[in-house]
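The values are calculated or read from the model by the stated rules, or taken from the named source; none is laboratory data. Just so we're clear, the structure is a prediction, and the values are computed from it rather than from any experiment. Cβ: placed from backbone, ideal geometry, glycine included. Neighbour counts: every protein chain shown. Each accessible area value is taken on the protein alone, full model and side chains, heavy atoms only, with ligands, DNA and RNA left out. Shrake-Rupley method; radii C 1.70, N 1.55, O 1.52, S 1.80 Å.
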Amino acid sequence: MSKLGNLGARLYRGEVGYDFVGKRKIWYGISILITITAIVGLAVRGLNMGIEFEGGAVFNTPKTSASVSRAEEAAEKASGHDAIVQKLGDDKLRIQIAGVDIKKSDQIKKSLAEDLDVKADAIDADLVGPSWGDQIANKAWQGLAIFMVLVVIYLAIAFEWRMALAALIALIHDITITVGVYALVGFEVTPGTVIGLLTILGYSLYDTVVVFDSLKEQSKDITKQTRYTYSELANRSINGTLVRSINTTIVALLPVAGLLFIGGGALGAGMLNDISLSLFVGLAAGAYSSIFIATPLVADFKELEPQMKALKKRVLAKRAAAAAKGESAEAPVSADADDPQDDDLADDAAPAVVGPRTQPASRSRGKGRPSGKRR
């Protein structure tokens, strides 16, 4: 078995682990800082909306020896607006200029023909009205709202409303960070960006539901035992699915990283940037929120309940009594004889602690048995 597979098995059995839930204030602080940075970037810089949303003109030139930088200078000089130039196959160029009407489009076309040494009739000009972009934006907002409502309803039915609320907060967290990165980086927002945003929501939700499902199974009849608090079982659920989350995230990020850094960066296919950046940032933020935000929030919500508060007091009191007797103050591995529910949880949910788990010696081991090999 590989080292990562061995680690995953040990995490699942509770032999090793990391206290994600116990350090949740650190993760909350990091998320708040990132979110504030994203909001400030969005407020100060704004989004670089594409011509599909603002309206403008797209010019496709025939084969030309002009470079991309030369075409950008010519387009900005002729229009007075920022231009986006992309090199296509057969040395053709695609020039996008926002905020251009029909009358100005003809003037820009003639000016481009002179500067790029091509015939004006050979340049194809397409105008895009801002109303089309508004329709796309409205449909995207409607789809996002419907998606959120359906997610909350499904999670409330399949799990409980606290998990639904935590998942909703995590999704909003992911969207805010992704949009903020677009504002800070300055990449153009296109319909491909909208598609990428809607795609990452499904991935983020999937990763969160995997942890929630594990937590639901481990927290059955939790109030009938005095071994673990709800936060400890939530932490076990994260550790038990940690390697799976890492594997799926890496596998999903690799092709997206290829599109973003190799296709859009090294090869200059700028048209890939709009969707690949949203996918890359969203996938990473979704994996982060599933581990560090959603499940710790559920633990916080649950431990506000009177039953969970009483359970925590019983667990801590039991450990304090054990510590006074010189026993381990941590969640014990062996079950009390007078608490059958502890035996059930001991088989399914060992405490998640950092480092190897020490196995207690059996109470009956060696009693009434002679030394040496059995015959």
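Things to note:
- Of all residues in segment 43-60, at least one satisfies being touching an Asp or Glu at 6+ places or on another chain (Cβ under 8 Å), modelled with pLDDT of 85 or more and among the polar types (S, T, N, Q).
- Single residue of K119, K109 found to be touching a strand residue (DSSP E or B) at 6+ places or on another chain (Cβ under 6 Å), open to solvent by 40 Å² or more (accessible area, probe 1.4 Å) and more than 30 Å from V256 (Cα to Cα): K109
- Subset of segment 77-124 (residues that are in a loop (DSSP other than H, G, I, E, B) and over 16 Å from G55 (Cα atoms)): L88, K92, D117, V118, K119, I123
- Tabulated pairs, segment 83-105, first in contact (Cβ under 8 Å) with a residue 60 or more places away in the chain, second open to solvent by 70 Å² or more (accessible area, probe 1.4 Å), C-beta under 7 angstrom, 6+ apart or interchain: Q86/M271
- Being of a type outside the set (F, W, Y) and either at pLDDT 80 or above or crowded, with 16+ Cβ neighbours inside 10 Å (or both) is not true of L88.
- Taken over segment 125-147, the criterion of being assigned to a helix (DSSP H, G or I), touching a helix residue (DSSP H, G or I) at 6+ places or on another chain (Cβ under 7 Å) and modelled with pLDDT under 80 is satisfied by P130, W132, G133, I136, A137, A140.
- Considering residues of segment 286-325 that are surrounded by fewer than 16 Cβ atoms within 10 Å (Cβ to Cβ) and not in a helix (DSSP H, G or I) only, the residue modelled with the lowest pLDDT: K325
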